[in-house]
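**Student:** Quick one: this structure, given as structure tokens, is what I'll be asking you about.
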Amino acid sequence: MFNINELMRKAQEMQQKIQEGQAELAGMEYVGTSGGSLVSVSVRGDGSMKKVEIDDSLMKLEEKEILADLIVAAYNDARGKADKASKDSMSGMMSSLGAPAGFKMPF
């Protein structure tokens with residue numbers, strides 16, 4: 001028999017867990033590298049950049065374009081790690097709540 005109260009309770013529980021997971025992921029830090037680790041970028045789970053580290057060997061005017069490309073690549077690497085962690089966390093959370101694989105919340 002269909003129980004709307006139970007469904008609403010589970011939906012609220014799911015929403016609460018998702019919000020907690022998002023807050024936790026937003027505070028985590030992910031490091032991306034490029035150029036054989038000559039450039040590293042740290043981003044938070046919310047996508048904001050925290051830190052850029054550049055090897056001294058790249059601090060030459062003629063290397064400016066390469067450096068810019070390496071920073072972008074390192075950021076994209078870190079952001080990809082953050083996105084994957086978020087996706088994995090949400091998948092695990094949804095399956096622990098009994099949601100079918102691939103289920104997406106409407107909010």
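**Student:** Select from segment 39-53 the residues that are among the small types (Gly, Ala, Ser) and surrounded by 13 or more Cβ atoms within 10 Å (Cβ to Cβ) and write down the one among them that is farthest from Ile71 (Cα to Cα). Even if it seems obvious, please write down each step before you answer.
**Tutor:** So in segment 39-53, the residues among the small types (Gly, Ala, Ser) come out as 40, 42, 45, 47-48.
Next, from what is left, pick out any that are surrounded by 13 or more Cβ atoms within 10 Å (Cβ to Cβ): 40, 42, 45, 47.
Details: Ser40: 7, Ser42: 11, Gly45: 18, Gly47: 15 Å.
My answer is Gly45.
**Student:** I've got another one for you. Suppose we filter Val41, Val72 for residues that are under 18 Å from Leu25 (Cβ atoms) and β-branched (Val, Ile, Thr); which single one remains? First the steps, then the outcome.
**Tutor:** Working: Val72 fails: under 18 Å from Leu25 (Cβ atoms).
Criteria check complete, one pass: Val41.
**Student:** Could you check, for segment 2-9, whether at least one of its residues is among the β-branched types (Val, Ile, Thr) and either under 14 Å from Asn76 (Cα atoms) or surrounded by 11 or more Cβ atoms within 10 Å (Cβ to Cβ) (or both)?
**Tutor:** Going residue by residue through segment 2-9, those that are among the β-branched types (Val, Ile, Thr) are 4.
Restricting the remaining residues to those that are either under 14 Å from Asn76 (Cα atoms) or surrounded by 11 or more Cβ atoms within 10 Å (Cβ to Cβ) (or both) gives none.
No: zero hits.
**Student:** Any idea which of Asp77, Asp69, Asp56 is surrounded by 16 or more Cβ atoms within 10 Å (Cβ to Cβ) and acidic (Asp, Glu)?
**Tutor:** On the way: Asp69 fails: surrounded by 16 or more Cβ atoms within 10 Å (Cβ to Cβ); Asp56 fails: surrounded by 16 or more Cβ atoms within 10 Å (Cβ to Cβ).
Being surrounded by 16 or more Cβ atoms within 10 Å (Cβ to Cβ) and acidic (Asp, Glu) holds for just one of Asp77, Asp69, Asp56, which is Asp77.
**Student:** Please list, ordered by first then second residue, the pairs with beta carbon atoms under 8 Å, 6 or more apart or interchain, first in segment 25-51 and under 27 Å from Gly92 (Cβ atoms), second among the β-branched types (Val, Ile, Thr) and not in a strand (DSSP E or B).
**Tutor:** Val41/Ile71
**Student:** Do the conditions hold for Glu13, that is, is it more than 14 Å from the chain's Cα centre (by Cα), modelled with pLDDT of 80 or more and either surrounded by fewer than 11 Cβ atoms within 10 Å (Cβ to Cβ) or within 18 Å of Ser91 (Cα to Cα) (or both)? If you could, list the steps in order and put the result at the bottom.
**Tutor:** Details: more than 14 Å from the chain's Cα centre (by Cα): yes; modelled with pLDDT of 80 or more: yes; either surrounded by fewer than 11 Cβ atoms within 10 Å (Cβ to Cβ) or within 18 Å of Ser91 (Cα to Cα) (or both): yes.
The answer is yes for Glu13.
The values are calculated or read from the model by the stated rules, or taken from the named source; none is laboratory data. These figures come from a predicted structure and were not determined experimentally. Cβ sites come from the backbone with ideal geometry, for glycine too, and all protein chains shown count toward neighbours.
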